[in-house]
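The values are calculated or read from the model by the stated rules, or taken from the named source; none is laboratory data. Keep in mind that this is a model prediction, so the values were computed, not measured. Cβ placement follows ideal geometry from the backbone for every residue including glycine, while neighbour counts extend to all protein chains displayed.
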Amino acid sequence: MNPNRIINYEKLATDKPRADALEILEAGYEAVLTERVIQDNVSVLGDVITIRGRTFDMGPFKNVYLVGFGKGACSATYELYKILSTRLKKTVVIDRTILTTCPSAIEAFVGTHPMPSDANVEATKVVMGVAEEAGEDDLVFVIVAGGGSSLLCSSSAECDQNIKLFEDFEHVGATIRELNTVRKHIADLKGGGLAEALYPATVIGLVFSDIVGGNPEEVASGPTYPDTSTNADAQEILRRYKLEDGFVLRETPKDPKYFEKVTNIVLISNEDSIQKMADAARSLGYEALILNKPLYEFPGPALAKIFEQSAPGRVVLAGGEVQLQIPEDHGTGGRCQFLAMEALRALGPDDVFVAAASDGSDNSDEAGAIVDSGTIQRIEERKIDLAPYRARLDTIPVFEATGDEILTGRLDANVSDWYFLLTPR
């Protein structure tokens, strides 16, 4: 098999274990293709739409709207538009890139990510126009994807706070869940705020989840989900990291009436894609073991959980977003490549370790890295001292020198990261 998402497959697949690892990774990329996700999970017969086994009668509604935001939301919106176009009164989407095939009937806006900007604010105003227009007899489909926390931004003040929050949290080693908790309380539309804005319309949220561990209410900071956190929780997180200054907090909607007519359905998740990768591993003759908890800790403990499960003939798979503490004088690269660099400490002579971002962007134009004993040999041959690169989280120069960087180009799906260890028999 020659995987078609991995651009430099031929360069990377230097032996069978590495080729097997790349085929397993390709199964993950195939699983999250937006077109396939919509086609496999959404169908319409007459007035009835079926979404991942759940049916909804669109007949009684006066108007039907479609809005989307997040990485890959444009592709998802376009695929759903093709199914519903004759029924839709208005369609709006915000994404970091826009399809050239997107029809003019879709109001598509390019926003910035991970840092929000005034472009995001202007686009969000159009989404809010739908909220103001939709009434009690209307139906609104909302596509929610990872990255929506930045792309859906209702004011310049919120953008400024989000930028400060992102930059501050990078340097203190806070978790993504702590970041999202605070995000919900500095924004109007997160933490159920969009559901409140759309009330009293009926809302069907279609979620592309980049949150591992069964917490879809964290995707894009949960704009259509009720929020169980409070201002006090957000304040405690800011206090813990000594970041109290510069943030104006608000309480998220707590009245249950705003959510009585809201249904959220996860269309694809990290768990779904990991299962497809496990299936691919089994088809290649390996035993596949999926860790039962996502990896959100620092690289050392995360790798320990993976490597302690290794065995000959086994592939150990996990999803998540490992935690990093970014130094001020940091280098280039992302958490996947850093995890791969740290995995070099534990690799057995036959092991292959892969860490890759599902959207093809590990905080760079590279998706991640594949490492094995050959990587270690090339590092030694090139006399690369890893210590300064580790200290600065500077991974791209190392893996470009060894030729172990994974290239896919930026993809329109995002279900967080994939990590796995392959040990041949």
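Only one of GLU107, GLU122 is outside any helix (DSSP H, G or I) and within 24 Å of the chain's Cα centre (by Cα). Can you tell me which?
GLU107
What tally of residues in the range 384-424 results from selecting those that are at pLDDT below 95 and among the basic types (Lys, Arg)?
Residues that pass the stated criteria total 1.
Here's the yes/no breakdown for (1) in contact with a Phe, Trp or Tyr (Cβ under 8 Å, 6 or more places away or on another chain); (2) touching a residue at least 12 places away in the same chain (Cβ under 8 Å); (3) not assigned by TED's automatic domain parsing to the domain that holds SER149:
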| position | (1), (2), (3) |
| --- | --- |
| ILE376 | no, yes, yes |
| GLU381 | no, no, yes |
| ASP385 | no, no, yes |
| PRO388 | no, no, yes |
| LEU393 | yes, yes, yes |
| THR408 | yes, yes, yes |
| LEU411 | yes, yes, yes |
| ASN414 | yes, yes, yes |
| ASP417 | no, yes, yes |
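Of all residues being under 20 Å from GLU107 (Cβ atoms) and of a type in the set (Ser, Thr, Tyr) in the range 48-86, which is surrounded by the most Cβ atoms within 10 Å (Cβ to Cβ)? Just the residue, please.
So the first thing to find is which residues in the range 48-86 are under 20 Å from GLU107 (Cβ atoms), and the list is 63-86.
Those still in the list that are of a type in the set (Ser, Thr, Tyr) too: 65, 75, 77-78, 81, 85-86.
Working: TYR65: 24, SER75: 28, THR77: 30, TYR78: 22, TYR81: 20, SER85: 13, THR86: 6.
Here the answer is THR77.
Tell me whether the range 374-381 contains one or more residues that are at negative phi, under 22 Å from the mean Cα position of the chain (by Cα) and not polar (S, T, N, Q).
Looking only at the range 374-381, we keep the residues that are at negative phi, and these are 374-381.
Now narrow it down to the ones that are under 22 Å from the mean Cα position of the chain (by Cα): none.
Taking every residue of the range 374-381 in turn, none turns out to be at negative phi, under 22 Å from the mean Cα position of the chain (by Cα) and not polar (S, T, N, Q).
Under the condition of being of a type in the set (Ser, Thr, Tyr) and in a loop (DSSP other than H, G, I, E, B), which residue from the range 201-228 is farthest from LYS261 (Cα to Cα)?
Narrowing the range 201-228 to residues of a type in the set (Ser, Thr, Tyr): 202, 209, 221, 224-225, 228.
Imposing the further condition that a residue be in a loop (DSSP other than H, G, I, E, B) reduces the set to 209, 224-225, 228.
Numbers: SER209: 21, THR224: 11, TYR225: 11, THR228: 18 Å.
So, considering only residues that are of a type in the set (Ser, Thr, Tyr) and in a loop (DSSP other than H, G, I, E, B), the one farthest from LYS261 (Cα to Cα) is SER209.
Going by the conditions given, is LEU33 over 16 Å from LEU80 (Cβ atoms) and surrounded by 13 or more Cβ atoms within 10 Å (Cβ to Cβ)?
Details: over 16 Å from LEU80 (Cβ atoms): no; surrounded by 13 or more Cβ atoms within 10 Å (Cβ to Cβ): yes.
It is false that LEU33 is over 16 Å from LEU80 (Cβ atoms) and surrounded by 13 or more Cβ atoms within 10 Å (Cβ to Cβ).
Say we look at the range 137-172 and pick out the residues that are among the small types (Gly, Ala, Ser) and either part of a helix (DSSP H, G or I) or assigned by TED's automatic domain parsing to the domain that holds SER358 (or both); which of these is nearest to TYR78 (Cα to Cα)?
GLY148
Looking at the range 383-411, which of its residues are surrounded by fewer than 19 Cβ atoms within 10 Å (Cβ to Cβ), touching a helix residue (DSSP H, G or I) at 6+ places or on another chain (Cβ under 8 Å) and not in a helix (DSSP H, G or I)?
Matches in the range 383-411: ILE384, GLY403.
Residues are listed down the side, and each one gets a yes or a no for (1) closer than 26 Å to ASP47 by Cβ; (2) part of a loop (DSSP other than H, G, I, E, B); (3) at pLDDT 95 or above; (4) among the charged types (D, E, K, R):
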position	(1), (2), (3), (4)
THR91	yes, no, yes, no
THR97	no, yes, no, no
MET128	no, no, yes, no
GLY135	yes, yes, yes, no
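Residues checked against (1) surrounded by fewer than 19 Cβ atoms within 10 Å (Cβ to Cβ); (2) more than 21 Å from the chain's Cα centre (by Cα):
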site	(1), (2)
ALA134	no, yes
VAL140	no, yes
GLY148	no, no
LEU151	no, no
ALA157	yes, yes
GLN161	no, yes
VAL172	yes, yes
